[in-house]
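Undergrad: Provided herewith is a single structure, encoded as structure tokens, for subsequent inquiry.
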Amino acid sequence: MNDLSEDDMALISELYPGVYMRPSPPPQEAKPPRRRRKKSRGLENPGEEGGGTGGEGRGKRKLTAEQVELLEQNFGDEHKLESERKDRLAAELGLDPRQVAVWFQNRRARWKSKKLEVEYAKLKSVHETVVVEKCRFESEVLKLKEQLSEAEMEIKRLSEKADLGLSGNSPCSSVTADAATDDP
């Protein structure tokens with residue numbers, strides 16, 4: 001059994017937990033959890049060298065109001081970004097083409113989210129209108145059922161009254177009875 005590797009033993013101990021025990025690793029000093037190091041902000045001015053070319057000095061830079069305005073104008077014209085247009089915009093704004101592409105991607109996501117919110121609001125409004133109309137129709141159906149029930153009761157009452165009138169001594173019934181007896 002000593003020919004088995006550590007991986008084989010781990011597999012066997014998982015398959016047969018009561019029979020084979022996984023060897024415990026040797027005790028080690030408790031290490032604090034590793035944390036991600038914050039990236040340095042790099043150069044704040046987007047026009048300076050090394051600010052947006054990648055590498056260690058690269059950080060997230062905030063776009064100026066003019067850059068955002070131009071990007072928004074271009075987004076309003078067309079939501080998709082072709083390679084030539086991306087390169088032209090990047091050169092015009094002094095940005096990396098990847099940064100322009102990411103801005104467009106994020107802006108499309110926000111646009112789509114806003115569009116879904118508007119569509120949801122419209123559908124919700126239509127749904128509420130339909131629910132109100134449904135309630136109105138249900139109320140009308142109840143009133144009509146009540147009227148129908150009253151009409152059926154009136155018909156039954158009149159029918160019973162007519163049956164009583166025919167079976168009683170009315171002049172019409174006695175005349176027809178006399179006529180029937182005179183014929184033979």
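The values are calculated or read from the model by the stated rules, or taken from the named source; none is laboratory data. Not measured: the values here are computed from a predicted model. All Cβ positions, glycine included, derive from the backbone under ideal geometry; neighbour counts span all protein chains shown. Accessible surface areas use protein heavy atoms only, side chains included; no ligands, DNA or RNA. Shrake-Rupley method; radii C 1.70, N 1.55, O 1.52, S 1.80 Å.
Undergrad: Cβ-Cβ under 7 Å, sequence separation 6+ or interchain: first residue in region 4-15 and free of Cβ contacts under 8 Å to residues at least 60 places away in the same chain and in a helix (DSSP H, G or I), partner among the charged types (D, E, K, R) and open to solvent by 50 Å² or more (accessible area, probe 1.4 Å). Which pairs?
TA: Sorted first by the residue in region 4-15, then by its partner, the pairs are 9/22; 10/22; 13/22.
Undergrad: Mind telling me which of the residues 93, 158 ends up being open to solvent by less than 90 Å² (accessible area, probe 1.4 Å), modelled with pLDDT under 95 and closer than 30 Å to residue 71 by Cα? Can you show your working first?
TA: On the way: 158 fails: closer than 30 Å to residue 71 by Cα.
Result: 93 is the single residue among 93, 158 that is open to solvent by less than 90 Å² (accessible area, probe 1.4 Å), modelled with pLDDT under 95 and closer than 30 Å to residue 71 by Cα.
Table: residues versus (1) surrounded by 10 or more Cβ atoms within 10 Å (Cβ to Cβ); (2) acidic (Asp, Glu); (3) more than 30 Å from residue 73 (Cβ to Cβ).
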{"position": "101", "(1), (2), (3)": "yes, no, no"}
{"position": "109", "(1), (2), (3)": "yes, no, no"}
{"position": "119", "(1), (2), (3)": "yes, yes, no"}
{"position": "125", "(1), (2), (3)": "yes, no, yes"}
{"position": "131", "(1), (2), (3)": "yes, no, yes"}
{"position": "136", "(1), (2), (3)": "yes, no, yes"}
{"position": "140", "(1), (2), (3)": "yes, yes, yes"}
{"position": "145", "(1), (2), (3)": "yes, no, yes"}
{"position": "148", "(1), (2), (3)": "yes, no, yes"}
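Undergrad: Kindly provide the set of residues from region 102-136 that are touching a helix residue (DSSP H, G or I) at 6+ places or on another chain (Cβ under 9 Å) and of a type outside the set (D, E, K, R), ordered by number. If you could, list the steps in order and put the result at the bottom.
TA: Going residue by residue through region 102-136, those that are touching a helix residue (DSSP H, G or I) at 6+ places or on another chain (Cβ under 9 Å) are 103-104, 107-108, 111.
Passing the criteria: 103, 104, 111.
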